[in-house]
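Here the structure is laid out as structure tokens; the discussion comes afterwards.
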Amino acid sequence: MTTKSSRSVRSLTAIAFSLAILVFSAIPAAAGEYVSLTGVKGLDSVFDFSLGSPEAAAVIFPAILDVHQNREVRSLPAAPRTVIVFHGSAVKLISTDRKGMEKNDMAAYDKVAEFIRQLKKAGIKMEVCMYAVKVFGVDPATLMPEIDRVGNGFISVLGYQAQGYSVQAIP
């Protein structure tokens, strides 16, 4: 009888030990990867985008989409609000005008256009600075329809910042 009782105690101890390991190993995962989000109610961000490189945009746009769709960001009490404001040479990225472009460049700009559509579909708001459109000689009729027009992108960025949005410059 003591052997049977002894085996039961050892089995229960092994089970309890295994459960303890599972519980304690899950605690860091439950705490989340981003300690910086502790106490944050929602993540409102504006990306001040003036970089005119389609290759760089093809890397940065998916990162912005990840911020907006990230599981931990989405688990905050308030849904994220994300805005991209295009100004500077970035206004050329959002034009559908491909005249005079080489084939390789065309493919890169087409990839950017596809990202723009994905960002819009995900609920990311986008604005273009019409002041920059004029300065960089972009025909307003060629701007992608997914992007709202504002007179001065700096005013938009400052306005979002005054509303509590965090600003991330993409120079």
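Label positions at S53 and V167, each projected 7 Å from the Cα along the C-beta direction, are separated by 2.3 nm. The peptide list 93-100, 160-167, put in order of mean Cβ contacts within 10 Å with the highest first, becomes 93-100, 160-167. Centre-to-centre separation between the Cα atoms of segment 44-93 and those of segment 128-171: 13 Å. Relative contact order, whole percent, for segment 19-171 stands at 31, derived from Cα pairs under 8 Å and 6 or more residues apart. Here the alpha carbons of segment 36-170 define both size measures, Rg and Dmax, at 15.1, 51 Å. Neighbours of L158 by Cβ distance under 14 Å: Lys/Arg scored +1, Asp/Glu scored -1, total -2.
All of the numbers you see were taken from the coordinates with simple rules; none came from a lab. The structure presented is a predicted model; accordingly, all values stated were derived computationally and were not measured. All Cβ positions, even for glycine, are placed from backbone atoms using ideal geometry, and neighbour counts span all protein chains on display.
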